Amino acid sequence: MKTFDRIQQKKSYDPPREWLKIKTIDMHTGGEPLRVITEGFPELKGNSVLEYRRYCKENLDHLRTALMFEPRGHADMYGCILTPPNDDEGDFGVIFLHNEGYSTMCGHAIIALTTLSIELNWIDAKDGENEVKIDAPCGRIMSYAHVQNGKVKGVRFLCVPSFVAGLNRSVEIQGIGTVTYDLAYGGAFYAYVDLDKNNFDFDLSKASYQELIKTGMQIKKAVMESDESIVHPFEEALGFLYGTIFTGRSDHENIDSRNVCIFADGEVDRCPTGSGVSGRMAIHYLRNEIQIGEKMSIESITDSVFKGSVVEEIDFGPFNAVVPQVEGTAHITGMHTFVIDPDDAMKYGFILR
């Protein structure tokens with residue numbers, strides 16, 4: 001039999017039984033990837049999303065790197081593991097994965113998972129609005145899928161209470177000088193750096209990709225070392241700086257602003273960053289630049305757009321916080337079965353940037 005005839009007869013591969021097999025559904029929200037782990041990941045132990053996350057970090061972190069890093073992923077890959085909810089009122093929980101570790105909130109993942117919950121019939125959906133209750137490390141996220149003829153047309157979610165920790169702060173960075181920033185929390189802490197208030201020799205376009213990474217990480221490191229306000233009022237595990245968000249003007253009509261988020265270990269968010277938009281809503285509301293119910297359109301480095309708004313004010317520990325709403329869309333890009341060969345020297349991945 002000729003080789004090509006054999007290829008036509010056998011196009012699939014059955015790996016040895018001792019190899020670990022992990023199935024995923026890959027998606028994107030505004031260009032930002034999400035690898036949803038659906039089968040094959042070892043059982044996580046605990047009684048809450050934060051406990052599951054801690055167990056994963058302490059016992060299974062090699063599988064995070066295997067699925068996020070090359071050769072299965074890349075330096076900017078993002079993923080998640082589904083868990084039981086924190087209580088019977090929730091639909092499911094989620095742990096977020098990236099190149100540095102585990103984040104506390106991810107709006108693009110919430111939008112994607114809400115879409116997936118309809119596409120895979122995880123919930124009994126109907127035309128119109130469908131509610132999904134997702135327990136993230138930062139708390140319960142109420143998400144809503146708008147369904148038309150059985151298809152998700154858009155998702156909106158209400159983020160956890162979001163607040164401003166400081167406005168118009170400054171930090172000195174060697175080789176850059178004084179950088180002015182705002183510090184806010186939208187499920188994760190970010191340093192927001194307005195290009196109009198700082199003298200940088202780059203813009204927020206794809207052409208500035210490498211410079212954005214370099215400068216964003218310098219700012220993140222400097223703020224982490226100097227700002228003592230990166231403290232969550234109720235949960236110590238949430239009190240860390242996740243990234244730097246550069247903000248600026250858009251070149252497109254009907255778009256209010258542009259976000260470029262540099263997070264984790266130099267990842268560049270392809271979407272406008274759901275938790276970052278949430279923090280921005282708290283900043284704009286405190287500055288009286290947006291009113292309750294008023295929407296802002298914020299684009300990303302890929303020109304994808306989220307709409308953000310403030311739903312209500314709320315007291316959150318010592319902070320006068322807001323409940324933000326973020327709107328976007330997501331799409332499935334593929335289904336994968338990854339295998340881990342125990343004899344593979346690179347089985348747990350590597351990163352080159």
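Just so it is clear, none of the values below were taken in a lab; they were calculated from the coordinates. Predicted model, so just to flag it, every value in this text is computed and none were measured. Cβ sites come from the backbone with ideal geometry, for glycine too, and all protein chains shown count toward neighbours.
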For the stretch 139-150, just list the computed ³J(HN,Hα) in residue order, Karplus coefficients 6.51, -1.76 and 1.60, θ = phi - 60°, integers in Hz, with x standing in for Gly and Pro. x, 7, 10, 8, 10, 9, 9, 8, 10, 9, 6, x
To the nearest 10 degrees, the tilt of helix 209-226 (Cα long axis) against the first principal axis of the alpha carbons of the chain is 60
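Sum up the charges of everything whose Cβ sits under 9 Å from the Cβ of residue 98, counting Lys and Arg as +1 and Asp and Glu as -1, but leave residue 98 out. Spell out each step's value before the answer.
On the way: positive: 64; negative: 76, 100, 265, 267.
Within the 9 Å Cβ shell, the charges total -3.
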Among [x] 5, 22, 31, 26, 13, 3, 0; [y] 5, 25, 34, 23, 9, 3, 1, 0; [z] 5, 17, 18, 13, 11, 11, 11, 8, 4, 2, 1, 0, which one is P(r) over Cα pairs in 10 Å bins from 0, in percent computed from these coordinates? [y]
Just order 194-206, 318-330, 69-81, 178-190 by mean Cβ neighbour count inside 10 Å, highest at the front, would you? 178-190, 318-330, 69-81, 194-206
Grab the DSSP H runs of the chain that are 4 residues or longer, score each as -39,500 (n - 2.57), total them, divide by all residues and round the 222 nm result to the nearest 500 deg cm²/dmol. -6000 deg cm²/dmol
Work through the residues other than residue 285 whose Cβ is under 11 Å from its Cβ and net out their charges, Lys, Arg +1 and Asp, Glu -1. -2
DSSP-loop GluC sites (Glu not before Pro) across the stretch 216-266, with at most 14 other Cβ within 10 angstrom: 228, 235, 253
Any chance you could check the Cα centroid distance between the stretch 283-353 and the stretch 49-65 for me, in angstrom? 21
How far is the Cα center of the stretch 197-243 from the Cα center of the stretch 110-183, in Å? 20
Hits among lysines - C-alpha to C-alpha of residue 23 under 27 Å, sequence gap 8 or more where chains match: 10, 11, 45, 57, 133, 151, 153, 347
